[in-house]
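Undergrad: Quick one: structure below, then a few questions.
Every read-out reported here was derived from the displayed coordinates using simple, explicitly stated rules and does not represent laboratory data. Keep in mind that what you see is a predicted model, and the values were worked out from it rather than measured. When we count neighbours, we look across all protein chains shown, and the Cβ atoms used for this are built from the backbone with ideal geometry, even at glycine.
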Amino acid sequence: MTRPSTPTLDRVRTPADLRGMSDADLTRVADELRAEVISVVSETGGHLGSSLGVVELSVAIHAVFNTPVDKLIWDVGHQCYPHKILTGRRDRMRSLRQEGGLSGFTKRSESTFDPFGAAHSSTSISAALGFSVGRDMGQPTGDAIAVIGDGAITAGMAYEAMNAAGHLNKRLFVVLNDNDMSIAPPVGALNKYLNGLSSTAPFAALRGMAEGFEAALPGPLRDGARRARQLVTGMPGGGTLFEELGFTYIGPVDGHDMPVLLATLRAAKARAQGPVMIHAVTVKGKGYAPAESSADKYHGVAKFDVLSGLQAKSRSNAPAYTAVFGQTLTDEAARDGRIVGVTAAMPSGTGLDIMAQRFPGRVFDVGIAEQHGVTFAAGMAASGLKPFVAIYSTFLQRGYDQIVHDVALQGLPVRFAIDRAGLVGADGATHAGCFDVGYLASLPGFVVMAAGDEAELVDMVATAAGYDAGPISFRYPRGEGVGVAMPERGRMLEIGRGRVMREGTRVALLSFGAHLSECLLAAEALASQGVSVTVADARFAKPLDTGLIAQLARHHEAIITVEQGAVGGFGAMVLHHMANAGLLDGGVKVRTMTLPDRFIEQASPAAMYADAGLTAADIQATVLRTLGVGMIAARG
């Protein structure tokens, strides 16, 4: 009886183990690695489809290049699960995206095999060029390899980096992972160009190495390669877009054919002088039928059953904030033909897919191009339309100059729907929406709102739709609401006017945003201790409800502001106003509760807010400390 052989993947402790394997063994490693990724993500949730699409690329790059001396940089980083398994973290993979566990993205502090952290797209080529310059200036680093997707390469930053790389003519390698499916299908002229390359060039030649490759081919293939170059470039000996930027272009190649990948990478490594672009065509979700057949290729999944592919469902009966926004905006759009939506490659993530289904000609996906998206919306606003720019808080940061210069400075009524405000859980610090309040409230003429619950979000969508005096924003968190009664239709809020949710006499909790529910819980607990608490929902960070703040200051010993944002946001606005208005002179104590001045590591949202000191219990404790009241004494 033949004893079963040891799985090939079990022989891989570090990438160095791959370099002594045969090509056949490397193919077996890839097959086993794919199964391992599926097994892991079924237990942890996470980015499955993107990771399955780069299994062969991960094995081939580590087998050919000398990582970690050579620097492998994954753009966005959400496709790095196979890379993590191959680089000594296999035994920790089931801690992925959990408190104290592995990050869902590349992270410098986690491994020497992660030379550059990433969770926002389109940064890899710039970073790789930086490593290449460091190498050429004597730093202890080897080659740099950037793996960037066809969605990420649509961003302007990627082109800026390619232009600079071509100009400097530094030796570096860019692998274009062309799966024709980022989070949403890539859009625009570049996507059509890449599709043309993929469909017309089964073995495209390359500028510097073309003659050598073609000469080694059998006659018919050699002739086919030459014809492919003409089809790609439109002229014999012409250059692709990437070649015109100064890159040697290789491809398209089959990103799942291990022998082809290995041969391509080895040849490129041996003969490259300047920057090289290797165009690999892959399939997102490759090798797992439920992912391949899914509309989003299982980009981001909850825990799931491997056999059926069915994902675990939320047990909450409250609607998700994102869905509330999407449906409310669609309803408003049905009443106002000037309303349009703009998303940056996230139609389903932002809820704009709901409006797109009903009004496909009025929703614009600009790709991973937040800068363009903001200015594009500014142009539409200047034309008389009512654009809603729906972008996660963390990604809106990428378009800040455009917000300042193209929207605020011109006073244009662009509406910003800011999803994923506050701490977001498993995606960790890279995706936290911490800073938008501070960076928007500092801009003249900007209206800055935050929804206290899902019903108030409905009102804020309606308010933004009806507001034409200038730019306006409203923020809301990830996940489900708190289960309040929902209005049939949103109503226009009075700009700069908050509301009192609970009347008290001693302390005022002034909440901005979705921590309103925590403030109400804290007030209940304080009441049981004999501390009478007012809870107010500010609604607006700008303009502030100065009348409400004055009333709270006159009738309470202390005011505690509470927000799901960084230092320098709502609380700072309140303190600034109170100081200038002389409201602090009367002796009222003011404390601000914000996210701490550090990044919060991944965990459940509840655990992250506990780490940040922003739970109902933390609010309760802050009130008691401010009053100088002990827990036991307060009960009396």
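Undergrad: Classify the range 1-115: rounded, prolate or oblate, from the alpha-carbon gyration tensor (a ≥ b ≥ c, eigenvalue square roots; a/c under 1.5 rounded; otherwise prolate if a/b is larger than b/c)? Show your work: numbers first, answer last.
TA: Working: a/c = 1.77, a/b = 1.25, b/c = 1.42.
Oblate, because a/c is 1.5 or more while a/b does not exceed b/c.
Undergrad: Lys pairs in the chain, Cα-Cα under 13 Å, at least 8 apart or on separate chains: how many?
TA: Numbers: LYS84/LYS107; LYS284/LYS297; LYS286/LYS297; LYS303/LYS313.
Lysine pair count for the chain: 4.
Undergrad: Taking the number of other C-beta atoms within 10 Å as the exposure measure, put MET157, MET492 in order starting with the fewest. Display every interim value, and only then the final one.
TA: Numbers: MET157 20, MET492 13.
So the ranking, lowest neighbour count to highest, is MET492, MET157.
Undergrad: Same structure, new question: How far apart, in nm, are the 7 Å Cα→Cβ label points at ARG625 and GLU160?
TA: 4.1
Undergrad: For ALA144, enumerate residues with amide H under 5 Å from its amide H, sequence gap 5+ or separate chain, H modeled in the peptide plane.
TA: LYS71, PHE173
Undergrad: Evaluate the relative contact order of the chain (contact order divided by residue number), counting alpha-carbon pairs under 8 angstrom at least 6 apart; express in whole percent. Please report the intermediate quantities before stating the final value.
TA: On the way: 1341 pairs, mean separation 68.4, N = 636.
Relative contact order for the chain comes out at 11 percent.
Undergrad: Starting from the Cα gyration tensor of the range 57-184, take the square roots of the eigenvalues, sort them a ≥ b ≥ c, and report rounded, prolate or oblate (rounded when a/c is under 1.5, otherwise prolate if a/b is larger than b/c, else oblate). Kindly include the intermediate steps, with their values, before the conclusion.
TA: Numbers: a/c = 1.91, a/b = 1.29, b/c = 1.48.
Taking the square roots of the gyration eigenvalues as a ≥ b ≥ c, the range 57-184 is oblate.
Undergrad: Follow-up. Find out how many positive minus negative residues lie around VAL588, taking Lys and Arg as positive, Asp and Glu as negative, among other residues whose Cβ is under 13 Å from that of VAL588.
TA: Details: positive: ARG506, ARG554, LYS589, ARG591; negative: GLU557, ASP585.
In short, +2.
Undergrad: Let me have the relative contact order for the range 499-635, percent, based on Cα pairs under 8 Å that are six or more residues apart.
TA: After rounding, I find 27 percent.
Undergrad: Could you please rank THR248, THR67, THR6, placing first whichever residue has the fewest other Cβ atoms within 10 Å of its Cβ?
TA: Values: THR248 22, THR67 25, THR6 8.
Ordered by Cβ neighbours within 10 Å, fewest first: THR6, THR248, THR67.
Undergrad: Helix 219-233 versus the longest principal axis of the chain: what is the Cα-based angle in degrees, 0 to 90, to the nearest 10?
TA: 40
Undergrad: In degrees, nearest 10, range 0 to 90: what is the angle between the Cα axis of helix 189-200 and the longest Cα principal axis of the chain?
TA: On a 0 to 90 degree scale, this one is about 30.
Undergrad: Can you tell me the convex hull volume per residue for the range 499-635, based on C-alpha atoms, in Å³ to the nearest whole number?
TA: Values: hull volume 14.1 nm³, N = 137.
Given the Cα convex hull of the range 499-635, per-residue volume reads 103 Å³.
Undergrad: Classify the chain: rounded, prolate or oblate, from the alpha-carbon gyration tensor (a ≥ b ≥ c, eigenvalue square roots; a/c under 1.5 rounded; otherwise prolate if a/b is larger than b/c)?
TA: Numbers: a/c = 2.29, a/b = 1.79, b/c = 1.28.
Because a/c hits 1.5 or more and a/b exceeds b/c, the chain counts as prolate.
Undergrad: Considering only C-alpha atoms, what is the centroid distance from the range 106-123 to the range 374-437, in Å?
TA: 25
Undergrad: First select every other residue whose beta carbon is under 10 angstrom from the beta carbon of PHE512; then total the charges, Lys and Arg +1, Asp and Glu -1. If you can, show how the numbers build up before the last one.
TA: Working: positive: ARG475, ARG539; negative: ASP537, GLU563.
So the environment of PHE512 carries a net charge of 0.
Undergrad: Enter the angle in degrees (range 0 to 90, nearest 10) between the Cα long axis of helix 23-44 and the first principal axis of the Cα atoms of the chain, meaning the one along which they spread out most.
TA: Taking the Cα atoms of the chain, the angle to 23-44 is about 10 degrees.
Undergrad: Test of understanding: ordering HIS576, HIS78, HIS556, HIS62 by Cβ neighbours within 10 Å, fewest first, what list do you get?
TA: On the way: HIS576 11, HIS78 24, HIS556 21, HIS62 28.
Sorted ascending by nearby Cβ count, the order is HIS576, HIS556, HIS78, HIS62.
Undergrad: When only Cα pairs under 8 Å and 6 or more residues apart are kept, what is the percent relative contact order across the range 321-475? Don't jump to the answer; show the numbers that get you there.
TA: Details: 293 pairs, mean separation 36.0, N = 155.
Computed over the range 321-475, the figure is 23 percent.
Undergrad: Quick query: amide H of VAL590 versus all other amide H atoms, modeled in the peptide plane; which residues come in under 5 Å with a sequence gap of 5 or more or a different chain?
TA: For VAL590, whose amide H was placed from the backbone, the distant partners under 5 Å are ILE559.
Undergrad: Of the DSSP beta bridges with both residues in the chain, give the percent that are antiparallel, rounding to the nearest 5. Spell out each step's value before the answer.
TA: On the way: 10 of 68 bridges.
Roughly 15 percent of the beta bridges in the chain run antiparallel, per DSSP.
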